[in-house]
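To keep things clear, I will list the structure first and then write my remarks on it.
The values are calculated or read from the model by the stated rules, or taken from the named source; none is laboratory data. Keep in mind that what you see is a predicted model, and the values were worked out from it rather than measured. Every residue, glycine as well, gets a Cβ built from its backbone with ideal geometry; the counts of neighbours run over all protein chains shown. Note: accessible area is taken over every heavy atom of the protein model, side chains too, but ligands, DNA and RNA are not part of it. Shrake-Rupley method; radii C 1.70, N 1.55, O 1.52, S 1.80 Å.
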Amino acid sequence: MGKPSKTPTSKRSRPEDSPGHVSPPGTSFTEILDSIDKRLTCLDSRLALVEVLHREFQTIRESLEFGQQQVVSLAKENAALRESVKSLTNGVVNLTRENRCMKETMLDLQAKSTRDNLVFAGIPEKTEEDPEGTIKSFMEHQLKLPTDTINNITFHRVHRLGAKKPENKRPRPIVAKFDHYKQKEQVECHPYLSQVDLLAHCRSVAVCLTAYSPLGSGDRPWASADEPCLLQDHRLGEISKRCHKTPAQIILRWHLQRGVVCIPKSVTPSRIQQNLQVFDFTLSEQDMKLIDSFSCSNRFIVPTVEMDGKRVWRDAAHPHFPFHDLY
Ligand SMILES: NC(=O)c1ccc[n+]([C@@H]2O[C@H](COP(=O)([O-])OP(=O)(O)OC[C@H]3O[C@@H](n4cnc5c(N)ncnc54)[C@H](OP(=O)(O)O)[C@@H]3O)[C@@H](O)[C@H]2O)c1
C-alpha cells in the first residue's frame, strides 16, 4: 500500500506539477517536440513576416525607382516648359514692339492722310485688280495691322496712278485717300491736359479725338490772374524760336502729329491764317516728348468757385461730375 501504483492516470498528471519530480523520458521527448513545434511555428510566422516585409520593401523600391524616373521626366518636361515660356516671353516682347511700331505707323498714316493722299509704291500689279483689296492686303501682311483696324478704315478713293503701259514693267503706285475712325469724341485737350489715356483708349476703339480749347483757351472770361497761360510757356517759346513758328503753330502741330483733330478759335484773321500753316514742318520726337511732359491735368473749361482762398471746381461734389474719372 505504501508505494504509489503506476496507473494510466499518471500520464494525465503533468510532471512539472509536482516539484522535484524528474519527468519520465517519454514525456520529456513530447515536450521537446512541442517546444520544437512551437519554435518552428514561431519561425514560420517570422519567416512569413520577413517575406511580407521583403515584398513591401520590393514594392517600395519599385515605387522609388518609378518616382525617380518620374522626377527625371518631370525635370525634362520642366526644362522644355521653361524653354517655351522663354520663347513665348520673347514672342510677347517682339509683339509689343511690333504693336508699338504699328501704332506709330498708323498715327503717321493718319497724320498724312488728313492732308494728303497716301501713295503706296512698289506693290506688284495684277491684271484684274481691286486696288482697295490690294491695299488692305498690304496693310495686313506688310504693315501687320490688325484685321479690326483694317475693317475700321473707310476708303474714299483708291486707284493706280497713271495709265497702264505695256512697256513699263514697274508697278504703278497706288493712291489712297481714307480715314479709319468709326466715332468722334470731343474733349478739352492741350499740352497742359494731354489726355494720354483717353487718346490711347480712343485709338484702340477707332474713335477720333477732337480737342476743344486746343490752345489753352487764353481768353476764357473766368481765367484768374495766377493761372498759367499756355501760349506764354517759356519752353514752348524755345521750341517756337528753334522751329521759326509761333507758339500757337507749335501746339497745333503737336496735336496733328498725335493724330488729334483740333478746333482753335480766333477772331483775328491773321491768326486764323497762321493756324492753317502747320503742314509745312514737323516736330522732332524730342520736341513732341518735351511738349508731352507739360501735362499737369490742368482743366481750364470747368466752372470754378473760390473756397477758403482757393479756386476749386464748382460742381465737384455732384454725383454726376465727370472729371474725377480717368476718362
Ligand atoms: N465742346 C465743348 O464743350 C467746348 C468747350 C469749350 C470750347 N469749345 C470750342 O473749342 C473752340 C476753341 O476753344 P477756346 O476758344 O476755348 O480756346 P482756344 O482755341 O484754345 O483759344 C482761343 C484763344 O487763343 C487765341 N488764339 C487763337 N489763335 C492764336 C494764335 N495763332 N496766336 C495767338 N493766339 C491765338 C484766341 O485769340 P483771338 O480770338 O483774340 O485771336 C483766343 O484768345 C471753340 O470753337 C469753342 O466753341 C467747345
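What the table shows:
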quantity	calculated
Total residues in the range 181-234, condition within 14 Å of the ligand (Cβ to nearest atom), open to solvent by 60 Å² or more (accessible area, probe 1.4 Å) and polar (S, T, N, Q)	2
Selection within the range 241-261 - near the ligand (Cβ under 8 Å from one of its atoms) and not in a helix (DSSP H, G or I)	Thr246
Residues that are hydroxyl-bearing (Ser, Thr, Tyr), surrounded by fewer than 18 Cβ atoms within 10 Å (Cβ to Cβ) and in contact with a helix residue (DSSP H, G or I) (Cβ under 8 Å, 6 or more places away or on another chain), drawn from the range 120-149	Thr147
Any hit, the range 307-320, residues being within 10 Å of the ligand (Cβ to nearest atom) and either in the same structural domain as Arg203 (by TED's automatic domain parsing) or open to solvent by 100 Å² or more (accessible area, probe 1.4 Å) (or both)	no
Breaking point among (1) surrounded by 10 or more Cβ atoms within 10 Å (Cβ to Cβ); (2) closer than 19 Å to Pro191 by Cα; (3) of a type in the set (S, T, N, Q), for Ser297	(1)
Residue pairs meeting the criteria (Cβ under 6 Å; at least 6 apart or on separate chains; first open to solvent by 90 Å² or more (accessible area, probe 1.4 Å), in the range 267-292; second not in a helix (DSSP H, G or I))	Phe279/Arg115
